[in-house]
């Protein structure tokens, strides 16, 4: 008998509801983005995000069920993101999920948002099974993970300061390109020379798989200030391309080294920054060289969405059972 999971995702600035069958088949995936609201502020304003989630949540739940052509009685499990994320935004989603769980007498499962990003690939690639190495690159997190089972994750490397996506946002703001930074940097870089400026590649200690992009961000800001003070004209596209290449070189180098060390034959890219085309192309090229099959989700499953939460929730439920109504939110939840 199949299990239909309804999931709610409200960790940042997307209100999303999805219904997924058996952790693999997407029946609906409704996403209401707040990007236009936050663009004028140059980033997400937590209080505004919470209010917009509150206004949208009931409507998006209704749309999610209608798109799946199902009613509440057809749902078997309620899954919800309970961290990491903005505390007010998370509380909107978890409150809605608890209410549905109580009213419908359906099991409730709290889902780690970062596990959701990895599970997005199960929706896009039906044949994909663990074990594999996964690089998770999002706005607030960068992880290198050895995924040994559907609910077993060994974190090998993590960000120590600015995550890859966060550095994209900050550099984009400094260049006057706007928010969100990832797509803006990628677009500007297409017209730039990635070898124009030699920004640092921070590898940390010998054999470390951790990441640090704070120094790179500072190097870009220092370059911009130095050039302005000297009265030089700054080529925005060259800065964007050189910065992007510095980030990508570190991500790719560490990923390939871990693949070889663990002798895995599958590599999974996930998270918002997985939408970066040059990153996908560079990783694909390097994976091909060492005989590793690479997987990444389509663009709509790279950014925050409830379908990935439903998939992760399903695997959590069948392996570990459900949570109680005491389920809490954890804004700084790690993988």
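Which condition breaks for residue 94 when tested against (1) crowded, with 20+ Cβ neighbours inside 10 Å; (2) touching a strand residue (DSSP E or B) at 6+ places or on another chain (Cβ under 7 Å); (3) closer than 28 Å to residue 267 by Cα?
Looking at each condition in turn, residue 94 falls short on (3).
How many residues, within segment 77-91, are within 19 Å of residue 30 (Cα to Cα) and surrounded by fewer than 18 Cβ atoms within 10 Å (Cβ to Cβ)?
So the count comes out to 0.
Every residue in segment 26-59 that is touching a strand residue (DSSP E or B) at 6+ places or on another chain (Cβ under 8 Å) and surrounded by 17 or more Cβ atoms within 10 Å (Cβ to Cβ), please.
26, 27, 28, 29, 30, 31, 32, 34, 52, 53, 56, 57
Within the bounds of segment 181-191, is there any residue that is touching a residue at least 24 places away in the same chain (Cβ under 8 Å) and in contact with a strand residue (DSSP E or B) (Cβ under 8 Å, 6 or more places away or on another chain)?
For segment 181-191, residues touching a residue at least 24 places away in the same chain (Cβ under 8 Å) and in contact with a strand residue (DSSP E or B) (Cβ under 8 Å, 6 or more places away or on another chain): absent.
Identify, from the list 251, 177, the residue that is assigned by TED's automatic domain parsing to the domain that holds residue 286, farther than 20 Å from residue 141 by Cα and either touching a residue at least 60 places away in the same chain (Cβ under 8 Å) or in contact with a helix residue (DSSP H, G or I) (Cβ under 6 Å, 6 or more places away or on another chain) (or both).
Values: 251 fails: farther than 20 Å from residue 141 by Cα.
Criteria check complete, one pass: 177.
Tell me, yes or no, whether segment 266-281 has at least one residue that is free of Cβ contacts under 8 Å to residues at least 40 places away in the same chain and within 24 Å of residue 250 (Cβ to Cβ). Show your work before the answer.
First, the residues of segment 266-281 that are free of Cβ contacts under 8 Å to residues at least 40 places away in the same chain: 280-281.
Within this subset, residues satisfying the condition of being within 24 Å of residue 250 (Cβ to Cβ) are 280-281.
So far as segment 266-281 goes, yes, one or more of its residues are free of Cβ contacts under 8 Å to residues at least 40 places away in the same chain and within 24 Å of residue 250 (Cβ to Cβ).
Wholly within segment 2-120, which helices (runs of 4 or more DSSP H) include no fewer than the required count, namely at least 3 residues that are in contact with a helix residue (DSSP H, G or I) (Cβ under 6 Å, 6 or more places away or on another chain)?
Working: elements: 35-39, 46-68, 87-104.
It comes to 46-68, 87-104.
Considering only residues that are surrounded by 20 or more Cβ atoms within 10 Å (Cβ to Cβ) and assigned to a loop (DSSP other than H, G, I, E, B), which ones fall in segment 158-176?
Answer for segment 158-176, where residues must be surrounded by 20 or more Cβ atoms within 10 Å (Cβ to Cβ) and assigned to a loop (DSSP other than H, G, I, E, B): 162, 163, 175.
The values are calculated or read from the model by the stated rules, or taken from the named source; none is laboratory data. Here the structure is a predicted model, which is why all the values come from computation and not from measurement. Neighbour counts run over all protein chains shown; Cβ positions are idealised from the backbone, glycine included.
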